[in-house]
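The values are calculated or read from the model by the stated rules, or taken from the named source; none is laboratory data. Being a predicted model, the structure only gives us computed values, none of them experimental. Cβ coordinates were reconstructed from backbone atoms using ideal geometry, including for glycine residues, and neighbour counts include every protein chain displayed. Just the protein is used for accessible areas: all its heavy atoms, side chains included, with ligands, DNA and RNA removed. Shrake-Rupley method; radii C 1.70, N 1.55, O 1.52, S 1.80 Å.
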Amino acid sequence: MNGIFKKHSILSLVLVIVLIAAMALSVVSCDKEDLGNEETSAATEAVITSETETETEKVEDEKTFDFTVVFVDGSSKTYTIKTTKTTVGEALLGAGLIAGEDSQYGLYVKTVDGVTLDYNADGKYWAFYVDGKYAPKGVDQTEIEEGKLYSFKAE
């Protein structure tokens, strides 16, 4: 009886060690993935001025906001936009980051950061968000508020 108990104790100890090692490896691999994502994000950030401005305009009327694009594959790019425009749409159009066509509801954005989505062709479209929430107005009707995060997500 004592021999069976020792075998079970040794087997249990080995299993616990294997489980601890597996957990440690998974934690280390998660840390490496997070680090890789931070490096990717940092590499894709840019500062863009949406139009040519005079020095006087920059001092008095310049607004700055962050703009993120989330692509179909889940990757993203973040831009810091500096502009004297009043709406997000005007600023992004001026920076060459969005394109689309006018509709009865305002600007229908089909291209963001050079990527065109066509709902009729592929079932995907660009959705406009403000601070992570679906925007209540179109991009061309949304006035710039510093400190807000504006984004387009492929959906």
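Per-structure values
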{"quantity": "Those residues of the stretch 81-102 which are farther than 22 Å from PRO136 by Cα and free of Cβ contacts under 8 Å to residues at least 40 places away in the same chain, in sequence order", "calculated": "LYS82, THR84, GLY96"}
{"quantity": "Given (1) among the polar types (S, T, N, Q); (2) exposed (fewer than 13 other Cβ atoms within 10 Å of the Cβ); (3) under 20 Å from the mean Cα position of the chain (by Cα), number of the condition SER151 does not satisfy", "calculated": "(2)"}
{"quantity": "Any pair with Cβ under 6 angstrom, 6 or more apart, that starts in the stretch 126-155 at a residue that is small (Gly, Ala, Ser) and ends at one that is open to solvent by 50 Å² or more (accessible area, probe 1.4 Å) and part of a strand (DSSP E or B)", "calculated": "ALA127/LYS153"}
{"quantity": "The stretch 92-106, subset out of contact with any Ser or Thr (no Cβ under 8 Å at 6 or more places or on another chain) and under 19 Å from VAL70 (Cβ atoms), residue surrounded by the fewest Cβ atoms within 10 Å (Cβ to Cβ)", "calculated": "GLY96"}
{"quantity": "Scope the stretch 107-135; condition surrounded by fewer than 10 Cβ atoms within 10 Å (Cβ to Cβ) and under 14 Å from THR68 (Cβ atoms); matching residues", "calculated": "GLY132, LYS133"}
